[in-house]
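Chemist: Structure provided below as structure tokens; questions to follow.
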Amino acid sequence: MEERRNTFPKEEHLYGDSAVDMLFRKGKSFLAFPVKVTYLVTTDSVPVRCMVVAPKKKFKHAVDRNRVKRQLREAYRKNKHGLFDWAEQHQQQLHFSMVFVSDKLIPSHVVERKIKVALEKLQEKLG
């Protein structure tokens, strides 16, 4: 069995106006507080692409937004393998975003636990 690396390389980042616009126009969403997940099954070369968002409306200071985005990326990076397994097993490609909706900063271990729950809920919704 090959060893899995907990990385989040550039090709797994969701970016670009057309891809992001399509996600928010056609995608479905659910709330797994403190994160709102929007997802869309699509055709792509990468099994899963993810985007993290910390809104300026909730966090006025860039240092706080950067902290939240770092926490979200780190939690996703550590717990993404179940989602990748699902995508490969079902030969699906997935785009999704995680928008931090809480207006308070949350400790990293709590964010990680909540992201685990969000990713499990996403897999349930996908079938």
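The values are calculated or read from the model by the stated rules, or taken from the named source; none is laboratory data. Since the structure is predicted, the reported quantities are computational estimates derived from the model, not experimental observations. For neighbour counting, all protein chains shown are included, and Cβ atoms are generated from backbone atoms with ideal geometry for every residue, glycine included. Protein only, heavy atoms only, side chains kept; ligands, DNA and RNA dropped before computing areas. Shrake-Rupley method; radii C 1.70, N 1.55, O 1.52, S 1.80 Å.
Chemist: Checking R49 against (1) in contact (Cβ under 8 Å) with a residue 24 or more places away in the chain; (2) charged (D, E, K, R); (3) under 21 Å from I115 (Cα atoms); (4) not in a strand (DSSP E or B): exactly one of these is not met. Which one?
Modeler: Condition (4) is where R49 drops out.
Chemist: Here's something else I'd like to know. Take the conditions under 21 Å from K121 (Cβ atoms) and either open to solvent by less than 70 Å² (accessible area, probe 1.4 Å) or at pLDDT 95 or above (or both) and apply them to T7. Does it pass?
Modeler: Numbers: under 21 Å from K121 (Cβ atoms): no; either open to solvent by less than 70 Å² (accessible area, probe 1.4 Å) or at pLDDT 95 or above (or both): yes.
No.
Chemist: Any residue that is modelled with pLDDT of 95 or more, buried (at least 18 other Cβ atoms within 10 Å of the Cβ) and not in a helix (DSSP H, G or I) - is there at least one of those in segment 61-78?
Modeler: no
Chemist: Moving on to the next point. What pairs come up if the first residue lies in segment 78-102 and is polar (S, T, N, Q), the second is part of a helix (DSSP H, G or I) and open to solvent by 40 Å² or more (accessible area, probe 1.4 Å), and their beta carbons are under 6 Å apart, counting only those six or more places apart or on different chains?
Modeler: N79/K116
Chemist: Does G27 fit the bill of being of a type in the set (G, A, S), out of contact with any helix residue (DSSP H, G or I) (no Cβ under 7 Å at 6 or more places or on another chain) and touching a residue at least 24 places away in the same chain (Cβ under 8 Å)?
Modeler: On the way: of a type in the set (G, A, S): yes; out of contact with any helix residue (DSSP H, G or I) (no Cβ under 7 Å at 6 or more places or on another chain): yes; touching a residue at least 24 places away in the same chain (Cβ under 8 Å): yes.
When the stated conditions are applied, G27 passes them.
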